[in-house]
Amino acid sequence: MMAAGRAAERGRRVLLLEKNSQLGMKLALTGGGRCNICNAQENHKILLKKYGSAERFLYSPFSQFGVKDTFDFFTGLGLPLKVEANQRAFPKTENATDVIRALERYMKKHGVTVQTNSKVDNFIVENNQIEGIKVDGRVISARTYILATGGKSHPETGSTGDGFLWLSKLGCKVAEPTPTIVPLAVQDKWIKKLAGVALDDAKITFFTDGKKAFSIKGRVLCTHFGISGPIILNSSGKVADLLYDGKVTAGIDLYPHIDLGKLDKHITAIFDENKNKALVNVIKSIVPPGTGPVILSLLPQIDPEKKVHSISKSERKQLVNLLKSLPLTITRLMGLERAVVVDGGLSIREVEARTMQSRKYNNLYVTGDLLHISRPSGGYSLQLCWTTAWVAGSNA
Ligand SMILES: Cc1cc2nc3c(=O)[nH]c(=O)nc-3n(C[C@H](O)[C@H](O)[C@H](O)COP(=O)(O)OP(=O)(O)OC[C@H]3O[C@@H](n4cnc5c(N)ncnc54)[C@H](O)[C@@H]3O)c2cc1C
């Protein structure tokens, strides 16, 4: 949408082909439906370090369309942005479909013809030139082609990796897609019972075969298959390595800022204030909302209906230990179907950084998730899309 709108803005006659009946189905999922539209780090020297080995490649495209341009672009389309923790930017309306509507307005303003329900099946190539594409048995020809078919994550949105296949067939160097930013599947039923709950301000420590590997702090989201949230997603690569080494377990600390002794004192004080209340009621002021009964179910030896004045010291200690390390067994990384970012794609060595033009086919331009560029979660993926698409649209 960005590439099409930009090319049309320059006066080109543009046809956008989309196989779904509507545009931007993956965009609608982004940022949990709020769309983390970009990362607000305006200093490109700092920002581009997040793109690993593609840092140098991206200097030119970002100098043409960077973070500030993203803010100006969407604000200009009537969609002002706001910045939250860790420089994550969102539309003020907190609605990803508003981003789709804004891009549709952009395309309409500049006269892009949009054709939905149009699946591109193949490319027709002659003498290192794309001569046409096949859509439902018909051949469509154009002077220039911009490929923006995305990666392979969440294939139900339409991103089924068709572009990877075409590029490989065209003899381009394409790295095999593997999920890199992906939630973790766990064995434990208790976490699944908390699906939809966020454990804010927690610390999670990972172990391989019982040996501490690493810890991270932040928000852990419980899901019906395991755990997710930005800190989990960004650690999935490291956890993948641990899974290779042995059995991976983890402990979630709900009180990372105080030690066991201080937590025991804190709980004792709460118990003293609520002597005659049942544990199942008092636990509500100790753990995140909605998690009390599930957390207590991890201590089956303690009757949740027991009045707290009769909780023994040893039982209180068991509770304290549990709150400092809720146990999990990590079974695997979720697959492509749940991944936020899938590594792999066209080698950037085969792309002209200044224009996004293929070095092998001079009337082909490649953008977004099709490019083999790794990055963390936090708005870096969509910024990469806006930048590469704007550059492709400016040059096609
Ligand atoms: C759950 C989830 C949450 C995310 N959240 C964020 C976030 O908050 N911030 C962020 O920066 N990034 C996020 N991302 C990543 C971001 O969504 C992608 O980087 C981005 O959508 C890639 O854009 P794209 O244009 O390259 O491809 P896509 O958005 O995948 O679009 C490709 C389009 O091409 C169409 N298509 C594919 N094949 C064909 C064909 N043969 N013929 C015709 N049309 C075809 C598809 O139907 C699709 O509409 C998230 C990803 C997921 C899965």
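The values are calculated or read from the model by the stated rules, or taken from the named source; none is laboratory data. This is a predicted model, so every value here is computed, not measured. Methodologically, a virtual Cβ is constructed for each residue, glycine included, from the backbone with ideal geometry; neighbour enumeration extends over all protein chains shown. The area values use the complete protein model at the heavy-atom level, side chains included, leaving out ligands, DNA and RNA. Shrake-Rupley method; radii C 1.70, N 1.55, O 1.52, S 1.80 Å.
The table that follows gives values for the structure above.
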read-out: Which numbered condition Asp369 misses (of (1) closer than 24 Å to Val220 by Cα; (2) under 27 Å from the mean Cα position of the chain (by Cα); (3) open to solvent by 10 Å² or more (accessible area, probe 1.4 Å); (4) not small (Gly, Ala, Ser)); value: (1)
read-out: Residue match in segment 124-134 (condition: crowded, with 21+ Cβ neighbours inside 10 Å and touching a residue at least 60 places away in the same chain (Cβ under 8 Å)); value: yes
read-out: Conditions (1) within 12 Å of the ligand (Cβ to nearest atom); (2) in a helix (DSSP H, G or I): number failed by Ser168; value: (1)
read-out: Selected residue (criterion: nearest to the ligand (Cβ to nearest atom)) from residues of segment 307-334 that are in a loop (DSSP other than H, G, I, E, B) and open to solvent by 20 Å² or more (accessible area, probe 1.4 Å); value: Ser325
read-out: Filter pass, Leu194 being at pLDDT 95 or above and crowded, with 18+ Cβ neighbours inside 10 Å; value: yes
read-out: Given (1) within 8 Å of the ligand (Cβ to nearest atom); (2) surrounded by 22 or more Cβ atoms within 10 Å (Cβ to Cβ); (3) within 15 Å of Leu147 (Cα to Cα), number of the condition Glu18 does not satisfy; value: (2)
read-out: Filter result for the condition that a residue is away from the ligand (no atom under 12 Å from the Cβ) and not small (Gly, Ala, Ser), over Leu279, Leu371; value: Leu279
read-out: Segment 50-60 - residue that is open to solvent by 10 Å² or more (accessible area, probe 1.4 Å) and at pLDDT 95 or above and, of those, farthest from Arg354 (Cα to Cα); value: Glu55
read-out: Search result, residues across segment 61-100 that are surrounded by 14 or more Cβ atoms within 10 Å (Cβ to Cβ) and closer than 19 Å to Arg354 by Cα; value: Pro61, Phe62, Gln64, Phe65, Gly66, Val67, Asp69, Thr70
read-out: Test: residue in segment 184-199 that is more than 9 Å from the ligand (Cβ to nearest atom), over 30 Å from Ser235 (Cα atoms) and either under 24 Å from the mean Cα position of the chain (by Cα) or assigned to a loop (DSSP other than H, G, I, E, B) (or both); value: no
read-out: Leu47 within 15 Å of the ligand (Cβ to nearest atom) and open to solvent by 60 Å² or more (accessible area, probe 1.4 Å); value: no
read-out: For Ser153: the one exception among (1) at pLDDT below 95; (2) outside any helix (DSSP H, G or I); (3) open to solvent by 20 Å² or more (accessible area, probe 1.4 Å); value: (3)
read-out: Residue in segment 156-165 that is nearest to the ligand (Cβ to nearest atom), counting only those that are without any contact (Cβ under 8 Å) to a residue 60 or more places away in the chain and surrounded by 15 or more Cβ atoms within 10 Å (Cβ to Cβ); value: Asp162
read-out: Wholly within segment 29-82, helices (runs of 4 or more DSSP H) carrying at least 2 residues that are polar (S, T, N, Q) and over 17 Å from Ser377 (Cα atoms); value: 55-64, 67-76
